[in-house]
Amino acid sequence: MQKTTKNPLYRKQARLGYLFVAPWIIGFLIFSLYPIVMSFYYSLCQYDVLRVPQFIGLGNYKELLGQDPYFWKSIWNTLFYTVVRVPLVIFGSLLLAVLVNNAVKGIRFFRTIFFIPSIITGVVLSALWLWLLNPQYGLFNSILAVFGIPGPLWLQSPHWSKISMVLMSLWSIGGGRMLVFLAALQGIPTALYEVVDIDGGGWWAKFRHITVPMISPVIFLWTVLEVIFSFQVFTEAYVMTKGGPLNSTLFYNLYLYYKAFDDFSMGYASALAWVLLVIILVVTLMQFVVGKKVVYYEGK
(Lines give C-alpha, C1' and ligand atoms only; values in the text may rest on other atoms or scores of the structure.)
Protein backbone atom coordinates (compact mmCIF):
# COMPACT_ATOMS: atom_id res chain seq x y z
CA MET A 1 0.00 0.00 0.00
CA GLN A 2 1.36 3.41 -0.98
CA LYS A 3 2.34 5.68 1.90
CA THR A 4 0.17 8.74 2.48
CA THR A 5 3.09 11.18 2.25
CA LYS A 6 3.90 9.89 -1.26
CA ASN A 7 0.34 10.27 -2.47
CA PRO A 8 0.22 12.96 -5.23
CA LEU A 9 -3.13 14.25 -3.94
CA TYR A 10 -1.71 14.58 -0.43
CA ARG A 11 1.34 16.51 -1.70
CA LYS A 12 -0.90 18.84 -3.72
CA GLN A 13 -3.11 19.54 -0.73
CA ALA A 14 -0.03 20.15 1.43
CA ARG A 15 1.36 22.66 -1.08
CA LEU A 16 -1.98 24.46 -1.22
CA GLY A 17 -2.11 24.53 2.58
CA TYR A 18 1.34 26.09 2.83
CA LEU A 19 0.39 28.56 0.08
CA PHE A 20 -2.68 29.73 1.99
CA VAL A 21 -0.84 30.14 5.29
CA ALA A 22 2.21 31.76 3.64
CA PRO A 23 0.88 35.35 4.04
CA TRP A 24 0.47 34.83 7.78
CA ILE A 25 3.87 33.14 8.13
CA ILE A 26 5.60 35.91 6.17
CA GLY A 27 3.77 38.59 8.16
CA PHE A 28 4.70 36.91 11.43
CA LEU A 29 8.37 36.63 10.48
CA ILE A 30 8.63 40.24 9.27
CA PHE A 31 6.33 42.12 11.64
CA SER A 32 6.56 40.01 14.81
CA LEU A 33 9.56 37.69 15.09
CA TYR A 34 12.08 40.04 13.46
CA PRO A 35 11.15 43.04 15.69
CA ILE A 36 11.30 40.80 18.78
CA VAL A 37 14.78 39.53 17.92
CA MET A 38 16.06 43.01 16.99
CA SER A 39 14.55 44.49 20.15
CA PHE A 40 16.56 42.06 22.25
CA TYR A 41 19.70 42.86 20.26
CA TYR A 42 19.15 46.62 20.62
CA SER A 43 18.68 46.17 24.37
CA LEU A 44 22.34 45.12 24.44
CA CYS A 45 23.41 48.17 22.43
CA GLN A 46 23.70 51.91 22.68
CA TYR A 47 21.37 52.91 19.85
CA ASP A 48 19.76 56.25 19.03
CA VAL A 49 18.32 55.42 15.57
CA LEU A 50 20.59 57.94 13.83
CA ARG A 51 23.82 56.01 14.35
CA VAL A 52 24.86 52.40 14.04
CA PRO A 53 24.13 50.38 17.22
CA GLN A 54 27.16 49.95 19.48
CA PHE A 55 27.21 46.73 21.47
CA ILE A 56 27.58 47.39 25.23
CA GLY A 57 26.42 44.07 26.65
CA LEU A 58 24.31 44.41 29.79
CA GLY A 59 25.07 48.11 30.19
CA ASN A 60 21.48 49.24 29.68
CA TYR A 61 20.18 46.71 32.20
CA LYS A 62 22.79 47.72 34.79
CA GLU A 63 21.88 51.38 34.38
CA LEU A 64 18.12 50.98 34.64
CA LEU A 65 18.31 48.58 37.59
CA GLY A 66 21.01 50.39 39.56
CA GLN A 67 21.24 54.02 38.47
CA ASP A 68 17.89 55.16 37.08
CA PRO A 69 15.51 56.58 39.74
CA TYR A 70 12.77 57.09 37.15
CA PHE A 71 12.74 53.35 36.43
CA TRP A 72 11.87 52.53 40.04
CA LYS A 73 9.41 55.42 40.19
CA SER A 74 7.59 54.04 37.13
CA ILE A 75 7.61 50.57 38.69
CA TRP A 76 6.04 51.91 41.89
CA ASN A 77 3.39 53.92 40.02
CA THR A 78 2.45 50.94 37.88
CA LEU A 79 2.31 48.52 40.82
CA PHE A 80 0.13 50.92 42.81
CA TYR A 81 -2.20 51.35 39.87
CA THR A 82 -2.39 47.59 39.32
CA VAL A 83 -2.93 46.60 42.96
CA VAL A 84 -5.70 49.15 43.47
CA ARG A 85 -7.37 48.90 40.07
CA VAL A 86 -7.58 45.14 39.43
CA PRO A 87 -9.72 44.18 42.50
CA LEU A 88 -12.07 47.13 41.91
CA VAL A 89 -12.53 46.28 38.22
CA ILE A 90 -13.11 42.58 38.89
CA PHE A 91 -15.52 43.20 41.77
CA GLY A 92 -17.35 45.98 39.92
CA SER A 93 -17.81 43.90 36.79
CA LEU A 94 -19.00 40.91 38.82
CA LEU A 95 -21.42 43.08 40.81
CA LEU A 96 -22.95 44.52 37.63
CA ALA A 97 -23.23 41.02 36.15
CA VAL A 98 -25.06 39.81 39.27
CA LEU A 99 -27.43 42.79 39.08
CA VAL A 100 -28.31 42.33 35.40
CA ASN A 101 -28.65 38.55 35.84
CA ASN A 102 -31.97 39.03 37.62
CA ALA A 103 -35.08 38.28 35.59
CA VAL A 104 -36.88 41.59 36.05
CA LYS A 105 -38.87 43.74 33.68
CA GLY A 106 -36.70 45.82 31.33
CA ILE A 107 -33.48 43.97 32.17
CA ARG A 108 -32.30 44.07 28.54
CA PHE A 109 -32.53 47.85 28.64
CA PHE A 110 -30.34 48.02 31.76
CA ARG A 111 -27.80 45.62 30.24
CA THR A 112 -27.53 47.93 27.25
CA ILE A 113 -27.20 51.03 29.44
CA PHE A 114 -24.39 49.46 31.45
CA PHE A 115 -22.58 48.34 28.30
CA ILE A 116 -22.73 51.62 26.34
CA PRO A 117 -20.00 53.49 28.32
CA SER A 118 -17.43 50.84 27.35
CA ILE A 119 -17.78 51.90 23.70
CA ILE A 120 -15.94 55.14 24.48
CA THR A 121 -12.23 54.40 24.81
CA GLY A 122 -8.78 55.87 24.30
CA VAL A 123 -8.22 59.55 23.63
CA VAL A 124 -11.93 60.44 23.62
CA LEU A 125 -12.42 58.88 27.05
CA SER A 126 -9.34 60.67 28.38
CA ALA A 127 -10.64 64.02 27.12
CA LEU A 128 -14.00 63.36 28.77
CA TRP A 129 -12.39 62.58 32.13
CA LEU A 130 -10.20 65.66 31.91
CA TRP A 131 -13.45 67.62 32.15
CA LEU A 132 -14.98 65.41 34.84
CA LEU A 133 -11.88 65.76 37.03
CA ASN A 134 -11.23 69.43 36.44
CA PRO A 135 -10.85 71.00 39.92
CA GLN A 136 -12.51 74.30 38.91
CA TYR A 137 -15.53 73.33 36.82
CA GLY A 138 -15.46 69.53 36.67
CA LEU A 139 -18.59 67.50 37.35
CA PHE A 140 -17.16 65.64 40.36
CA ASN A 141 -16.14 68.75 42.27
CA SER A 142 -19.38 70.49 41.30
CA ILE A 143 -21.36 67.65 42.90
CA LEU A 144 -19.15 67.74 46.02
CA ALA A 145 -19.65 71.52 46.25
CA VAL A 146 -23.42 71.02 46.48
CA PHE A 147 -22.86 69.15 49.75
CA GLY A 148 -20.31 71.69 50.98
CA ILE A 149 -17.34 69.35 50.45
CA PRO A 150 -14.20 70.92 48.94
CA GLY A 151 -13.11 68.77 46.03
CA PRO A 152 -9.51 67.64 45.61
CA LEU A 153 -7.23 68.71 42.77
CA TRP A 154 -7.49 65.25 41.23
CA LEU A 155 -5.04 65.03 38.33
CA GLN A 156 -3.22 68.17 39.46
CA SER A 157 -2.30 66.64 42.81
CA PRO A 158 0.45 64.01 43.20
CA HIS A 159 -1.59 62.47 46.02
CA TRP A 160 -4.76 62.09 43.96
CA SER A 161 -3.48 61.58 40.41
CA LYS A 162 -3.12 57.79 40.51
CA ILE A 163 -6.44 57.45 42.32
CA SER A 164 -7.97 59.54 39.55
CA MET A 165 -6.59 57.12 36.97
CA VAL A 166 -8.05 54.20 38.89
CA LEU A 167 -11.48 55.88 39.02
CA MET A 168 -11.30 56.45 35.30
CA SER A 169 -10.55 52.77 34.67
CA LEU A 170 -13.86 51.83 36.34
CA TRP A 171 -15.71 53.51 33.48
CA SER A 172 -15.68 50.34 31.36
CA ILE A 173 -16.60 47.72 33.97
CA GLY A 174 -19.95 47.26 32.25
CA GLY A 175 -18.36 46.18 28.97
CA GLY A 176 -16.95 42.84 27.91
CA ARG A 177 -16.02 41.86 31.45
CA MET A 178 -19.63 42.16 32.60
CA LEU A 179 -20.87 40.13 29.63
CA VAL A 180 -18.41 37.31 30.30
CA PHE A 181 -19.36 37.21 33.98
CA LEU A 182 -23.03 37.28 32.99
CA ALA A 183 -22.55 34.28 30.69
CA ALA A 184 -20.75 32.44 33.50
CA LEU A 185 -23.53 33.22 35.98
CA GLN A 186 -26.19 31.96 33.61
CA GLY A 187 -24.28 28.69 33.26
CA ILE A 188 -24.60 27.87 36.97
CA PRO A 189 -27.24 25.15 37.54
CA THR A 190 -30.25 26.52 39.44
CA ALA A 191 -30.45 23.25 41.38
CA LEU A 192 -27.39 24.34 43.38
CA TYR A 193 -29.16 27.47 44.58
CA GLU A 194 -32.24 25.42 45.43
CA VAL A 195 -30.12 23.23 47.72
CA VAL A 196 -29.00 26.35 49.61
CA ASP A 197 -32.63 27.44 49.92
CA ILE A 198 -33.54 24.07 51.40
CA ASP A 199 -30.71 24.39 53.95
CA GLY A 200 -31.98 27.83 54.91
CA GLY A 201 -29.11 29.80 53.42
CA GLY A 202 -29.53 33.40 52.24
CA TRP A 203 -28.11 35.40 49.36
CA TRP A 204 -24.67 35.62 50.97
CA ALA A 205 -24.44 31.85 51.35
CA LYS A 206 -25.43 31.44 47.71
CA PHE A 207 -22.87 33.99 46.56
CA ARG A 208 -20.04 32.64 48.71
CA HIS A 209 -20.55 28.90 48.38
CA ILE A 210 -22.13 28.61 44.92
CA THR A 211 -21.58 31.67 42.73
CA VAL A 212 -17.94 32.44 43.46
CA PRO A 213 -16.63 28.83 43.28
CA MET A 214 -18.59 28.08 40.10
CA ILE A 215 -17.32 31.14 38.25
CA SER A 216 -13.84 31.15 39.82
CA PRO A 217 -12.19 30.11 36.50
CA VAL A 218 -13.67 33.22 34.86
CA ILE A 219 -12.58 35.40 37.79
CA PHE A 220 -9.09 33.95 37.51
CA LEU A 221 -8.97 34.53 33.75
CA TRP A 222 -9.98 38.18 34.07
CA THR A 223 -7.59 38.72 36.97
CA VAL A 224 -4.67 37.53 34.85
CA LEU A 225 -5.77 39.68 31.91
CA GLU A 226 -6.44 42.78 34.01
CA VAL A 227 -3.01 42.57 35.64
CA ILE A 228 -1.42 42.48 32.20
CA PHE A 229 -3.62 45.36 31.00
CA SER A 230 -2.71 47.42 34.08
CA PHE A 231 1.01 46.93 33.55
CA GLN A 232 0.55 48.26 30.01
CA VAL A 233 -1.37 51.44 30.91
CA PHE A 234 -0.27 54.27 28.63
CA THR A 235 -2.90 56.26 26.72
CA GLU A 236 -4.67 57.77 29.70
CA ALA A 237 -1.48 59.03 31.34
CA TYR A 238 -0.04 60.31 28.07
CA VAL A 239 -3.14 62.29 27.15
CA MET A 240 -4.16 63.53 30.59
CA THR A 241 -1.01 64.11 32.66
CA LYS A 242 2.13 63.44 30.58
CA GLY A 243 3.40 61.61 33.67
CA GLY A 244 2.86 64.49 36.11
CA PRO A 245 2.45 66.02 38.52
CA LEU A 246 5.89 65.32 40.02
CA ASN A 247 6.07 62.05 38.03
CA SER A 248 3.19 60.63 40.07
CA THR A 249 1.62 59.13 36.92
CA LEU A 250 4.86 58.21 35.17
CA PHE A 251 3.76 54.67 34.44
CA TYR A 252 6.17 52.11 33.03
CA ASN A 253 4.97 52.17 29.44
CA LEU A 254 4.90 55.96 29.45
CA TYR A 255 8.49 56.10 30.66
CA LEU A 256 9.46 53.57 28.00
CA TYR A 257 7.80 55.76 25.37
CA TYR A 258 9.67 58.87 26.54
CA LYS A 259 13.01 57.08 26.45
CA ALA A 260 12.33 55.76 22.95
CA PHE A 261 10.70 58.70 21.18
CA ASP A 262 11.72 61.76 23.22
CA ASP A 263 15.29 60.82 24.13
CA PHE A 264 15.76 58.48 21.12
CA SER A 265 17.42 55.97 23.45
CA MET A 266 16.10 52.97 21.56
CA GLY A 267 18.56 50.57 23.15
CA TYR A 268 17.57 51.67 26.64
CA ALA A 269 13.87 51.54 25.72
CA SER A 270 14.34 48.01 24.37
CA ALA A 271 15.90 46.97 27.68
CA LEU A 272 12.90 48.48 29.48
CA ALA A 273 10.58 46.48 27.23
CA TRP A 274 12.33 43.20 28.02
CA VAL A 275 12.33 43.90 31.75
CA LEU A 276 8.58 44.54 31.50
CA LEU A 277 8.18 41.20 29.72
CA VAL A 278 10.02 39.42 32.53
CA ILE A 279 7.94 41.20 35.20
CA ILE A 280 4.65 40.28 33.53
CA LEU A 281 5.83 36.71 32.98
CA VAL A 282 6.83 36.27 36.63
CA VAL A 283 3.62 37.83 37.95
CA THR A 284 1.51 35.68 35.62
CA LEU A 285 3.30 32.49 36.67
CA MET A 286 2.72 33.41 40.32
CA GLN A 287 -0.96 33.89 39.59
CA PHE A 288 -1.17 30.44 38.01
CA VAL A 289 0.55 28.89 41.03
CA VAL A 290 -1.98 30.52 43.35
CA GLY A 291 -4.81 29.75 40.92
CA LYS A 292 -4.19 26.01 41.18
CA LYS A 293 -5.04 26.22 44.87
CA VAL A 294 -8.06 28.53 44.82
CA VAL A 295 -9.78 28.03 41.46
CA TYR A 296 -12.49 25.40 41.25
CA TYR A 297 -12.75 23.48 37.98
CA GLU A 298 -15.92 21.45 37.57
CA GLY A 299 -15.19 17.79 37.03
CA LYS A 300 -11.81 17.75 38.75
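The values are calculated or read from the model by the stated rules, or taken from the named source; none is laboratory data. Please read these numbers as outputs of a predicted model, since none were measured by experiment. Don't worry about glycine lacking a Cβ; one is built from the backbone with ideal geometry, like all the others, and counts go over all protein chains shown.
Here are some notes:
- The residues listed here are SER157, SER93, SER172; of these, the one that is free of Cβ contacts under 8 Å to residues at least 60 places away in the same chain and either touching a Leu at 6+ places or on another chain (Cβ under 8 Å) or in the same structural domain as ILE219 (by TED's automatic domain parsing) (or both) is SER172.
- Scanning region 49-79 for residues that are exposed (fewer than 14 other Cβ atoms within 10 Å of the Cβ) and over 21 Å from VAL282 (Cβ atoms) returns VAL49, LEU50, ARG51, VAL52, GLN54, PHE55, GLY57, GLN67, PRO69.
- Of all residues in region 98-129 being more than 23 Å from VAL233 (Cβ to Cβ) and of a type in the set (Gly, Ala, Ser), the one that is surrounded by the most Cβ atoms within 10 Å (Cβ to Cβ): GLY106
- Only listed residue being free of Cβ contacts under 8 Å to residues at least 40 places away in the same chain, under 21 Å from LYS62 (Cα atoms) and β-branched (Val, Ile, Thr), chosen from VAL278, VAL289: VAL278
- In region 154-179, of all residues being over 22 Å from LEU254 (Cα atoms) and out of contact with any helix residue (DSSP H, G or I) (no Cβ under 6 Å at 6 or more places or on another chain), the one that is modelled with the lowest pLDDT corresponds to GLY176.
- In region 73-106, the residues that are among the aromatic types (Phe, Trp, Tyr) and either modelled with pLDDT under 95 or in a loop (DSSP other than H, G, I, E, B) (or both): PHE91
- Test: residue in region 243-260 that is of a type in the set (Gly, Ala, Ser), out of contact with any Lys or Arg (no Cβ under 9 Å at 6 or more places or on another chain) and over 22 Å from LYS162 (Cβ atoms): yes
- Among residues of region 72-120, those that are within 16 Å of ALA184 (Cβ to Cβ) and small (Gly, Ala, Ser), counted: 3
- Filtered by the rule that a residue be of a type in the set (Gly, Ala, Ser) and either out of contact with any Ser or Thr (no Cβ under 8 Å at 6 or more places or on another chain) or part of a loop (DSSP other than H, G, I, E, B) (or both), region 107-148 gives ALA127, GLY138, SER142, ALA145, GLY148.
- Restricting VAL294, VAL239 to residues that are touching a residue at least 24 places away in the same chain (Cβ under 8 Å), surrounded by fewer than 17 Cβ atoms within 10 Å (Cβ to Cβ) and under 30 Å from LEU130 (Cα atoms) narrows the list to VAL239.
- Of the residues making up region 223-233, none is out of contact with any helix residue (DSSP H, G or I) (no Cβ under 6 Å at 6 or more places or on another chain), more than 29 Å from TRP154 (Cβ to Cβ), β-branched (Val, Ile, Thr) and not assigned by TED's automatic domain parsing to the domain that holds PRO35.
- When the residues of region 196-236 are filtered to those that are closer than 30 Å to TYR70 by Cα and without any contact (Cβ under 8 Å) to a residue 12 or more places away in the chain, the one that is surrounded by the most Cβ atoms within 10 Å (Cβ to Cβ) is PHE229.
- Qualifying residue in region 240-252 (condition: farther than 20 Å from TYR297 by Cβ, hydrophobic (A, V, I, L, M, F, W, C), assigned by TED's automatic domain parsing to the domain that holds VAL123 and modelled with pLDDT of 95 or more): yes
- Residue in region 162-181 that is over 30 Å from TYR296 (Cα atoms) and small (Gly, Ala, Ser) present: yes
- Residue count for region 130-177, restricted to those that are surrounded by fewer than 16 Cβ atoms within 10 Å (Cβ to Cβ) and under 16 Å from the mean Cα position of the chain (by Cα): 2
- Per this entry, PHE31 is counted among residues that are exposed (fewer than 12 other Cβ atoms within 10 Å of the Cβ), outside the structural domain of ASP262 (by TED's automatic domain parsing) and among the aromatic types (Phe, Trp, Tyr).
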